[in-house]
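First comes the structure, then the notes that go with it.
The values are calculated or read from the model by the stated rules, or taken from the named source; none is laboratory data. Just so you know, these numbers come straight off a predicted model, no measurement behind them. Backbone-built Cβ (ideal geometry, glycine too); neighbour counts: all protein chains shown. Heads up: the accessible areas ignore ligands, DNA and RNA and are worked out on the full protein's heavy atoms, side chains in. Shrake-Rupley method; radii C 1.70, N 1.55, O 1.52, S 1.80 Å.
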Amino acid sequence: MKLHEELPVDHRLSQVYRVGAGLCGTALLVFGCLGLADGLSFFSTDGEPIAGLSSNGLLSLVSVVVAALLIAGTVIGGNTASTVNITVGTLFVLSGFANLAVLDSSANILAFRIQNVLFSFVTGLVIATFGMYGRVSGKLPYDNPYWRHRHPRPSDRATAAPAAGRPGSAALPGRPA
């Protein structure tokens, strides 16, 4: 499935992906800029409080870079924004687990505290949900390009993967002709 060909540029799902990437990117950009403006020590493992979270110069810089990536996804839109949201959301959740493992140790180079870990989990799930909206579900509408790709018309089945031997492949319930 070539993602860039599946979703029309003006499809309404593109707005959901863009809004999600834009909101989360803006929040991260503000957090990162506040940390950089405060002149925090770059590699401190203690961190200083910024907007209720612990931060150091490195975490502030990482936040600005990730925010730039999300905002770039907002500008591009479409499947690119969706893919960026899913990827960044997954990385946030993985970061939460990795930083939970190094909490209160000298390996905590991003100066994470438990509130940062929780923020990472929640933000990661929110960003990934924005990216998966309308793309990953069991009840996608028939006009959704992802649904159409997963359920080709009988005339398109010759070019799609062979469906022989799969139960229920002869007819698609609820499919308009």
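Those residues that are closer than 21 Å to residue 25 by Cα and without any contact (Cβ under 8 Å) to a residue 40 or more places away in the chain, I need them from the range 100-122; list them, please. Scanning the range 100-122 gives 117, 118, 120, 121, 122. Across the range 28-42, the qualifying residues are those that are touching a residue at least 24 places away in the same chain (Cβ under 8 Å) and either loosely packed, with under 15 Cβ neighbours inside 10 Å or of a type in the set (A, V, I, L, M) (or both), and the one among them that is farthest from residue 62 (Cα to Cα) is 34. Here is a check on your reading of the model: is residue 69 open to solvent by 40 Å² or more (accessible area, probe 1.4 Å), at negative phi, assigned to a helix (DSSP H, G or I) and at pLDDT below 90? So residue 69 does not fit the description; no. Among the residues of the range 43-57, those that are open to solvent by less than 30 Å² (accessible area, probe 1.4 Å) and outside any loop (DSSP other than H, G, I, E, B) comprise 50, 53, 54, 55, 57.
Residues of the range 99-137 being surrounded by 18 or more Cβ atoms within 10 Å (Cβ to Cβ) and in a loop (DSSP other than H, G, I, E, B), which ones?
Scanning the range 99-137 gives 108, 110, 111, 112, 113, 134, 135.
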